[in-house]
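To keep things clear, I will list the structure first and then write my remarks on it.
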Amino acid sequence: MESLELEIYGRYRALVEKSGAFSGRTCPDGEPARVHLSDIIDRYDAFCFDGYGTLYNRGSFVYPGAKEWFAELRRRGKAIRLVTNAASNLDQALADEADARGFDFTVAETVSSGSLLKGWLSRLPAGASPFESGREVFYIGRSTGVNVLSECGIAAVENPTSPVVAVSSSTATDEMYAQAVSILKRPGALLLVLNPDAWAPRIDGTRAPVSGELCERLRRESGCAAEYFGKPFPGIWRKVRATLPAGAKVIMIGDTLGTDVYGAYVAGFDSALVVGRNEPAEDLIADEKSLGIRPTYYLEP
(Lines give C-alpha, C1' and ligand atoms only; values in the text may rest on other atoms or scores of the structure.)
Protein backbone atom coordinates (compact mmCIF):
# COMPACT_ATOMS: atom_id res chain seq x y z
CA MET A 1 0.00 0.00 0.00
CA GLU A 2 0.94 3.65 -0.28
CA SER A 3 2.35 5.18 2.90
CA LEU A 4 -0.59 7.58 3.29
CA GLU A 5 -2.99 4.69 2.79
CA LEU A 6 -1.36 2.79 5.63
CA GLU A 7 -1.56 5.89 7.83
CA ILE A 8 -5.26 6.32 7.07
CA TYR A 9 -6.18 2.72 7.87
CA GLY A 10 -3.99 2.79 10.96
CA ARG A 11 -5.88 5.88 12.09
CA TYR A 12 -9.21 4.15 11.49
CA ARG A 13 -8.12 1.28 13.70
CA ALA A 14 -7.02 3.66 16.44
CA LEU A 15 -10.37 5.49 16.30
CA VAL A 16 -12.36 2.26 16.54
CA GLU A 17 -10.33 0.92 19.44
CA LYS A 18 -10.50 4.24 21.26
CA SER A 19 -14.29 4.14 20.94
CA GLY A 20 -14.41 0.79 22.75
CA ALA A 21 -16.45 -0.76 19.93
CA PHE A 22 -13.85 -3.35 18.95
CA SER A 23 -15.06 -6.95 19.33
CA GLY A 24 -11.78 -8.01 20.90
CA ARG A 25 -10.97 -10.60 18.24
CA THR A 26 -7.33 -10.84 17.21
CA CYS A 27 -5.60 -11.86 14.01
CA PRO A 28 -5.18 -15.60 13.47
CA ASP A 29 -1.83 -17.18 14.28
CA GLY A 30 0.18 -18.27 11.28
CA GLU A 31 -0.46 -17.63 7.61
CA PRO A 32 -4.15 -17.78 6.63
CA ALA A 33 -5.18 -20.75 4.52
CA ARG A 34 -5.72 -20.16 0.82
CA VAL A 35 -9.20 -21.44 0.05
CA HIS A 36 -11.90 -21.52 -2.57
CA LEU A 37 -15.49 -20.70 -1.66
CA SER A 38 -16.38 -24.39 -1.88
CA ASP A 39 -13.90 -25.12 0.92
CA ILE A 40 -15.67 -22.87 3.43
CA ILE A 41 -19.28 -22.71 2.28
CA ASP A 42 -20.50 -25.19 4.88
CA ARG A 43 -18.78 -23.34 7.74
CA TYR A 44 -20.94 -20.20 7.58
CA ASP A 45 -24.61 -19.27 7.61
CA ALA A 46 -24.17 -15.78 6.13
CA PHE A 47 -21.79 -14.31 3.57
CA CYS A 48 -21.21 -10.54 3.46
CA PHE A 49 -19.60 -9.16 0.33
CA ASP A 50 -17.89 -5.92 -0.50
CA GLY A 51 -18.96 -4.69 -3.92
CA TYR A 52 -16.34 -2.71 -5.86
CA GLY A 53 -13.08 -4.62 -6.11
CA THR A 54 -14.59 -7.87 -4.88
CA LEU A 55 -17.59 -8.69 -7.06
CA TYR A 56 -17.46 -5.96 -9.71
CA ASN A 57 -15.96 -2.66 -10.73
CA ARG A 58 -17.07 0.33 -12.79
CA GLY A 59 -19.61 -0.05 -15.57
CA SER A 60 -20.52 -3.64 -16.31
CA PHE A 61 -17.17 -5.13 -15.27
CA VAL A 62 -17.49 -8.30 -13.15
CA TYR A 63 -14.52 -10.15 -11.66
CA PRO A 64 -13.90 -13.74 -12.79
CA GLY A 65 -15.66 -16.27 -10.56
CA ALA A 66 -17.82 -13.71 -8.73
CA LYS A 67 -21.10 -14.70 -10.38
CA GLU A 68 -20.34 -18.34 -9.70
CA TRP A 69 -19.79 -17.58 -5.99
CA PHE A 70 -23.08 -15.74 -5.84
CA ALA A 71 -25.07 -18.38 -7.73
CA GLU A 72 -23.78 -21.20 -5.51
CA LEU A 73 -24.63 -19.30 -2.31
CA ARG A 74 -28.13 -18.64 -3.64
CA ARG A 75 -28.50 -22.30 -4.58
CA ARG A 76 -27.46 -23.36 -1.09
CA GLY A 77 -29.88 -20.94 0.57
CA LYS A 78 -27.20 -18.96 2.40
CA ALA A 79 -27.90 -15.47 3.70
CA ILE A 80 -26.05 -12.93 1.52
CA ARG A 81 -25.42 -9.26 2.16
CA LEU A 82 -23.87 -6.48 0.12
CA VAL A 83 -21.92 -4.38 2.64
CA THR A 84 -20.54 -1.44 0.76
CA ASN A 85 -18.86 1.89 1.39
CA ALA A 86 -20.52 3.24 -1.73
CA ALA A 87 -22.42 6.35 -0.67
CA SER A 88 -23.28 7.56 -4.14
CA ASN A 89 -26.97 6.68 -4.00
CA LEU A 90 -29.75 5.13 -1.92
CA ASP A 91 -29.61 1.42 -1.10
CA GLN A 92 -32.35 0.60 -3.60
CA ALA A 93 -30.36 2.18 -6.42
CA LEU A 94 -27.17 0.40 -5.32
CA ALA A 95 -29.05 -2.91 -5.24
CA ASP A 96 -30.44 -2.22 -8.72
CA GLU A 97 -26.94 -1.46 -10.02
CA ALA A 98 -25.63 -4.73 -8.59
CA ASP A 99 -28.59 -6.58 -10.11
CA ALA A 100 -27.77 -5.13 -13.52
CA ARG A 101 -24.32 -6.70 -13.19
CA GLY A 102 -25.81 -10.11 -12.37
CA PHE A 103 -26.04 -9.97 -8.56
CA ASP A 104 -29.68 -9.86 -7.51
CA PHE A 105 -29.28 -8.29 -4.09
CA THR A 106 -32.56 -7.00 -2.71
CA VAL A 107 -32.69 -3.67 -0.91
CA ALA A 108 -33.10 -5.63 2.35
CA GLU A 109 -29.80 -7.39 1.60
CA THR A 110 -27.97 -4.12 0.87
CA VAL A 111 -26.25 -2.07 3.58
CA SER A 112 -24.33 1.00 2.46
CA SER A 113 -22.31 3.58 4.34
CA GLY A 114 -24.54 6.36 3.02
CA SER A 115 -27.61 4.73 4.56
CA LEU A 116 -26.16 5.34 8.03
CA LEU A 117 -26.37 9.12 7.78
CA LYS A 118 -30.08 9.37 8.57
CA GLY A 119 -29.80 7.33 11.76
CA TRP A 120 -26.77 9.30 12.89
CA LEU A 121 -28.66 12.55 12.48
CA SER A 122 -31.60 11.23 14.50
CA ARG A 123 -29.30 10.37 17.42
CA LEU A 124 -27.62 13.77 17.70
CA PRO A 125 -28.31 15.37 21.09
CA ALA A 126 -30.39 18.52 21.06
CA GLY A 127 -28.15 21.54 20.79
CA ALA A 128 -25.17 19.47 19.65
CA SER A 129 -26.03 19.24 15.97
CA PRO A 130 -23.62 20.82 13.48
CA PHE A 131 -26.75 21.84 11.56
CA GLU A 132 -28.13 24.29 14.12
CA SER A 133 -27.94 27.03 11.47
CA GLY A 134 -29.67 24.92 8.82
CA ARG A 135 -29.36 21.51 7.18
CA GLU A 136 -26.99 22.50 4.41
CA VAL A 137 -23.63 21.03 3.39
CA PHE A 138 -20.94 21.61 0.84
CA TYR A 139 -20.95 18.32 -1.06
CA ILE A 140 -18.17 16.54 -2.96
CA GLY A 141 -19.23 13.42 -4.82
CA ARG A 142 -21.18 12.04 -7.74
CA SER A 143 -24.40 13.80 -8.63
CA THR A 144 -26.55 10.89 -7.47
CA GLY A 145 -25.12 11.29 -3.97
CA VAL A 146 -27.47 14.20 -3.40
CA ASN A 147 -30.21 11.55 -3.12
CA VAL A 148 -28.58 10.32 0.09
CA LEU A 149 -28.49 13.85 1.46
CA SER A 150 -32.06 14.64 0.38
CA GLU A 151 -33.31 11.52 2.14
CA CYS A 152 -32.00 13.13 5.33
CA GLY A 153 -33.43 16.56 4.61
CA ILE A 154 -30.00 17.99 3.77
CA ALA A 155 -29.40 20.40 0.90
CA ALA A 156 -26.10 20.53 -1.02
CA VAL A 157 -25.15 24.18 -1.52
CA GLU A 158 -22.09 26.23 -2.44
CA ASN A 159 -21.96 28.21 0.82
CA PRO A 160 -23.69 26.28 3.62
CA THR A 161 -24.97 28.18 6.62
CA SER A 162 -23.38 25.52 8.84
CA PRO A 163 -19.68 24.65 8.38
CA VAL A 164 -20.24 21.08 7.19
CA VAL A 165 -18.66 19.29 4.23
CA ALA A 166 -19.90 15.87 3.08
CA VAL A 167 -17.76 13.66 0.83
CA SER A 168 -18.85 10.47 -0.93
CA SER A 169 -16.23 10.26 -3.69
CA SER A 170 -13.03 11.96 -4.80
CA THR A 171 -14.59 14.04 -7.56
CA ALA A 172 -13.14 17.37 -6.39
CA THR A 173 -11.68 20.05 -8.63
CA ASP A 174 -8.97 22.32 -7.22
CA GLU A 175 -11.64 24.98 -6.70
CA MET A 176 -13.93 22.57 -4.83
CA TYR A 177 -11.06 21.43 -2.64
CA ALA A 178 -10.15 25.02 -1.76
CA GLN A 179 -13.78 25.83 -0.95
CA ALA A 180 -14.05 22.75 1.27
CA VAL A 181 -10.90 23.71 3.20
CA SER A 182 -12.21 27.24 3.66
CA ILE A 183 -15.48 25.94 5.11
CA LEU A 184 -13.74 23.40 7.31
CA LYS A 185 -11.51 26.05 8.86
CA ARG A 186 -14.56 27.77 10.34
CA PRO A 187 -15.30 27.24 14.07
CA GLY A 188 -17.21 24.06 14.81
CA ALA A 189 -16.63 22.64 11.33
CA LEU A 190 -17.36 18.98 10.62
CA LEU A 191 -16.29 16.70 7.78
CA LEU A 192 -18.77 13.90 7.01
CA VAL A 193 -16.80 11.01 5.49
CA LEU A 194 -19.58 9.09 3.79
CA ASN A 195 -17.16 6.72 2.06
CA PRO A 196 -13.97 5.98 4.05
CA ASP A 197 -12.24 3.92 1.32
CA ALA A 198 -8.77 5.40 0.86
CA TRP A 199 -7.65 3.64 -2.34
CA ALA A 200 -9.62 1.54 -4.84
CA PRO A 201 -8.70 -0.82 -7.68
CA ARG A 202 -9.33 0.06 -11.30
CA ILE A 203 -10.43 -2.33 -14.02
CA ASP A 204 -6.95 -2.22 -15.60
CA GLY A 205 -5.35 -3.56 -12.41
CA THR A 206 -3.97 -0.24 -11.18
CA ARG A 207 -5.09 1.46 -7.98
CA ALA A 208 -6.05 5.06 -7.27
CA PRO A 209 -6.74 7.28 -4.25
CA VAL A 210 -10.43 7.85 -3.60
CA SER A 211 -12.69 9.58 -1.07
CA GLY A 212 -10.97 8.49 2.14
CA GLU A 213 -7.66 9.86 0.89
CA LEU A 214 -9.30 13.14 -0.14
CA CYS A 215 -10.97 13.42 3.26
CA GLU A 216 -7.71 12.82 5.09
CA ARG A 217 -6.04 15.63 3.16
CA LEU A 218 -8.98 17.92 3.94
CA ARG A 219 -8.84 16.97 7.62
CA ARG A 220 -5.11 17.56 7.90
CA GLU A 221 -5.15 20.88 6.10
CA SER A 222 -8.17 22.30 7.94
CA GLY A 223 -7.77 20.74 11.39
CA CYS A 224 -11.52 20.00 11.48
CA ALA A 225 -13.40 17.24 13.28
CA ALA A 226 -14.56 14.28 11.20
CA GLU A 227 -17.38 11.75 11.42
CA TYR A 228 -16.88 8.43 9.61
CA PHE A 229 -19.56 6.19 8.12
CA GLY A 230 -19.16 2.65 6.81
CA LYS A 231 -16.49 -0.01 7.05
CA PRO A 232 -14.53 -0.52 9.28
CA PHE A 233 -16.51 1.57 11.78
CA PRO A 234 -19.03 -0.15 14.08
CA GLY A 235 -22.26 1.52 12.93
CA ILE A 236 -22.46 -0.40 9.67
CA TRP A 237 -21.88 -3.72 11.42
CA ARG A 238 -24.69 -3.08 13.89
CA LYS A 239 -27.00 -2.55 10.93
CA VAL A 240 -25.74 -5.70 9.19
CA ARG A 241 -26.21 -7.78 12.35
CA ALA A 242 -29.79 -6.51 12.70
CA THR A 243 -30.61 -7.96 9.26
CA LEU A 244 -29.23 -11.45 10.01
CA PRO A 245 -30.66 -14.32 12.07
CA ALA A 246 -29.54 -14.30 15.69
CA GLY A 247 -26.53 -16.52 16.22
CA ALA A 248 -25.65 -16.75 12.52
CA LYS A 249 -22.02 -17.55 11.79
CA VAL A 250 -20.86 -14.82 9.41
CA ILE A 251 -17.92 -14.22 7.11
CA MET A 252 -17.01 -10.94 5.40
CA ILE A 253 -15.41 -11.23 1.94
CA GLY A 254 -13.58 -8.23 0.55
CA ASP A 255 -10.49 -6.84 -1.10
CA THR A 256 -9.18 -4.37 1.49
CA LEU A 257 -7.33 -5.05 4.75
CA GLY A 258 -8.18 -1.74 6.42
CA THR A 259 -11.95 -1.77 5.79
CA ASP A 260 -13.20 -5.26 4.96
CA VAL A 261 -10.84 -7.43 7.03
CA TYR A 262 -10.45 -5.11 10.01
CA GLY A 263 -14.14 -4.30 9.83
CA ALA A 264 -14.94 -8.00 10.14
CA TYR A 265 -12.96 -8.10 13.39
CA VAL A 266 -14.88 -5.07 14.64
CA ALA A 267 -18.09 -6.97 13.88
CA GLY A 268 -16.89 -10.25 15.37
CA PHE A 269 -17.00 -11.97 11.96
CA ASP A 270 -14.43 -14.12 10.19
CA SER A 271 -12.95 -12.64 7.02
CA ALA A 272 -11.64 -13.64 3.61
CA LEU A 273 -9.37 -11.37 1.57
CA VAL A 274 -9.26 -11.50 -2.21
CA VAL A 275 -5.57 -10.69 -2.79
CA GLY A 276 -4.20 -8.72 -5.72
CA ARG A 277 -6.99 -6.23 -6.31
CA ASN A 278 -6.96 -3.52 -3.67
CA GLU A 279 -4.25 -5.31 -1.69
CA PRO A 280 -1.17 -5.74 -3.89
CA ALA A 281 0.14 -9.29 -3.57
CA GLU A 282 3.73 -8.06 -3.36
CA ASP A 283 2.86 -5.81 -0.39
CA LEU A 284 0.62 -8.23 1.49
CA ILE A 285 2.94 -9.46 4.22
CA ALA A 286 4.42 -6.02 4.91
CA ASP A 287 0.97 -4.41 4.98
CA GLU A 288 -0.41 -7.03 7.36
CA LYS A 289 2.52 -6.46 9.67
CA SER A 290 2.26 -2.67 9.48
CA LEU A 291 -1.48 -2.62 10.21
CA GLY A 292 -1.59 -5.60 12.56
CA ILE A 293 -4.43 -7.00 10.47
CA ARG A 294 -4.66 -10.45 8.93
CA PRO A 295 -7.70 -12.25 7.46
CA THR A 296 -9.03 -15.65 8.45
CA TYR A 297 -8.52 -16.83 4.84
CA TYR A 298 -7.14 -15.75 1.49
CA LEU A 299 -9.93 -16.42 -0.99
CA GLU A 300 -9.01 -17.62 -4.46
CA PRO A 301 -11.33 -16.69 -7.38
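The values are calculated or read from the model by the stated rules, or taken from the named source; none is laboratory data. For clarity, every value in this text was computed on a predicted model and none was experimentally measured. Every residue, glycine among them, receives a Cβ derived from its backbone with ideal geometry; neighbour counts consider all protein chains shown.
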Checklist entry - Which one of these is closer than 24 Å to residue 262 by Cα and buried (at least 20 other Cβ atoms within 10 Å of the Cβ): 79, 86? => result 86
Checklist entry - Does residue 16 satisfy the condition of being surrounded by 15 or more Cβ atoms within 10 Å (Cβ to Cβ) and in contact with a strand residue (DSSP E or B) (Cβ under 6 Å, 6 or more places away or on another chain)? => result no
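Please list, ordered by residue number, the helices (runs of 4 or more DSSP H) wholly in the range 1-114 having 1 or more residues that are within 17 Å of the chain's Cα centre (by Cα). Let's see the steps before the verdict.
Details: elements: 3-19, 37-40, 66-75, 91-100.
Filter on the range 1-114 gives 3-19, 91-100.
For the condition among the basic types (Lys, Arg) and either in contact with a Phe, Trp or Tyr (Cβ under 8 Å, 6 or more places away or on another chain) or assigned by TED's automatic domain parsing to the domain that holds residue 264 (or both), what is the one hit in 75, 135, 123?
Working: 135 fails: either in contact with a Phe, Trp or Tyr (Cβ under 8 Å, 6 or more places away or on another chain) or assigned by TED's automatic domain parsing to the domain that holds residue 264 (or both); 123 fails: either in contact with a Phe, Trp or Tyr (Cβ under 8 Å, 6 or more places away or on another chain) or assigned by TED's automatic domain parsing to the domain that holds residue 264 (or both).
Only one candidate passes the filter, namely 75.
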Checklist entry - Out of the range 247-282, which residues are surrounded by fewer than 19 Cβ atoms within 10 Å (Cβ to Cβ) and more than 13 Å from residue 201 (Cβ to Cβ)? => result 247, 248, 249, 268, 282
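Kindly provide the set of residues from the range 204-222 that are among the aliphatic types (A, V, I, L, M) and crowded, with 17+ Cβ neighbours inside 10 Å, ordered by number. Don't jump to the end; show me each part of the working.
So in the range 204-222, the residues among the aliphatic types (A, V, I, L, M) come out as 208, 210, 214, 218.
Within the range 204-222, 210, 214, 218 qualify.
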Checklist entry - Do you know which residues across the range 142-153 are among the β-branched types (Val, Ile, Thr) and either closer than 16 Å to residue 228 by Cα or without any contact (Cβ under 8 Å) to a residue 12 or more places away in the chain (or both)? => result 146, 148
Checklist outcome for this item: Taking the range 119-142 and keeping only residues that are outside any loop (DSSP other than H, G, I, E, B) and farther than 23 Å from residue 236 by Cα, one is left with 136, 138
Checklist entry - Checking residue 161 against (1) surrounded by fewer than 24 Cβ atoms within 10 Å (Cβ to Cβ); (2) more than 30 Å from residue 37 (Cβ to Cβ); (3) among the β-branched types (Val, Ile, Thr); (4) in contact with a helix residue (DSSP H, G or I) (Cβ under 9 Å, 6 or more places away or on another chain), which single condition isn't satisfied? => result (4)
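Return the only residue of 145, 119 being of a type in the set (Gly, Ala, Ser), touching a Gly at 6+ places or on another chain (Cβ under 9 Å) and surrounded by fewer than 18 Cβ atoms within 10 Å (Cβ to Cβ).
Details: 145 fails: surrounded by fewer than 18 Cβ atoms within 10 Å (Cβ to Cβ).
Step by step, each of 145, 119 is checked, and only 119 is of a type in the set (Gly, Ala, Ser), touching a Gly at 6+ places or on another chain (Cβ under 9 Å) and surrounded by fewer than 18 Cβ atoms within 10 Å (Cβ to Cβ).
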Checklist entry - Are any of the residues in the range 173-188 closer than 25 Å to residue 256 by Cβ and modelled with pLDDT under 95? => result no
Checklist entry - Only one of these conditions is not met by residue 110: (1) touching a residue at least 40 places away in the same chain (Cβ under 8 Å); (2) surrounded by 23 or more Cβ atoms within 10 Å (Cβ to Cβ); (3) farther than 30 Å from residue 184 by Cα. Which number is it? => result (1)
